[in-house]
Amino acid sequence: MRVDCLASPRRDLPALNERNRFFWQSGEAGVLRFSQCNACGYFIHPSAPICAQCRSRDITPAEVSGRATVLTFTINRHAWQAGLEAPFVVAIVEMEEQEGLRLTTNIVNCSVEDVFIGQSVKVLFDHREDVWLPLFEPDLPSGDAK
Ligand SMILES: [Zn+2]
């Protein structure tokens with residue numbers, strides 16, 4: 001039986017602070033942004049005040065493509081709390097901009113059986129209160145029917 005995961009499961013929202021606010025609210029503009037070192041170009045996530053590569057403190061949020069690859073995933077078939085809709089896919093995706101630039105997220109807008117390691121996915125946002133949760137959906141070549 002195919003099971004569609006059209007909606008994202010409910011979850012606890014992140015607590016915003018000065019360092020992560022841009023990340024969680026970036027989706028308001030429809031883009032995904034990460035902290036980037038202006039000295040060496042390295043993306044830093046979670047955001048930190050010092051670049052792990054070159055120790056620079058010249059760090060600002062920078063927009064990325066939103067395209068990523070599924071590194072690993074699990075299908076959660078149990079509703080762990082009231083309001084949580086199972087099944088859903090919990091995945092770790094790696095952004096195309098940088099090896100190791102990863103997010104733990106959900107893959108949505110497809111059947112849970114359609115998710116695979118190495119899959120191309122793209123970001124979309126789930127707006128909850130004052131945060132825009134970055135989720136991912138299959139990145140189909142243009143022209144393909146969904
Ligand atoms: Zn740097």
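Rule-of-thumb check for the stretch 33-109: C-alpha Rg over 2.2 N^0.38 Å?
Working: Rg = 15.7 Å, N = 77, 2.2 N^0.38 = 11.5 Å.
Here the answer is 1.37, to two decimals.
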Under-5 Å amide H pairs with I44, H placed in peptide plane, nonlocal only: S35, Q36, C37
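Ratio of Rg to Rh for the chain, alpha carbon only, Kirkwood?
On the way: Rg = 16.0 Å, Rh = 16.1 Å.
Here the Rg-to-Rh quotient is 0.99.
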Computed FRET value (nearest 0.05) for C54 with D12, which takes r as the C-beta separation and R₀ as 30 Å: 0.30
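So which chymotrypsin sites (Phe, Trp or Tyr not before Pro) in the stretch 33-95 pass both tests, a DSSP loop state and at most 15 other Cβ atoms within 10 Å of the Cβ?
Details: sites: F34, Y42, F43, F73, W80, F88; in loops: Y42, W80.
Listed in order of number, the matching sites are W80.
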Per-residue [θ]222 nm for the chain (sum of -39500 (n - 2.57) over DSSP H runs n ≥ 4, rounded to 500): -500 deg cm²/dmol
Amide N proximity, the stretch 100-140 versus I75 label position 7 Å along Cα-to-Cβ, cut-off under 13 Å: 110-117
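Mind pulling up the Rg/Rh value for the stretch 62-146? Radius of gyration and Kirkwood radius, both on Cα. It would help to have the intermediate numbers written out before the result.
Numbers: Rg = 13.2 Å, Rh = 13.6 Å.
Ratio value, two decimals: 0.97.
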Sparse-neighbourhood loop sites, chymotrypsin sites (Phe, Trp or Tyr not before Pro) in the stretch 91-136 - DSSP loop, at most 12 other Cβ within 10 angstrom: F116
Net charge over other residues, Cβ less than 14 angstrom from the Cβ of F73 (K, R count +1; D, E count -1): -2
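None of the figures in this text is laboratory data; all of them are computed from the coordinates on show. Because the structure is a prediction, the values reported are computed rather than measured. Positions of Cβ are backbone-derived with ideal geometry, glycine not excepted, and every protein chain shown enters the neighbour counts.
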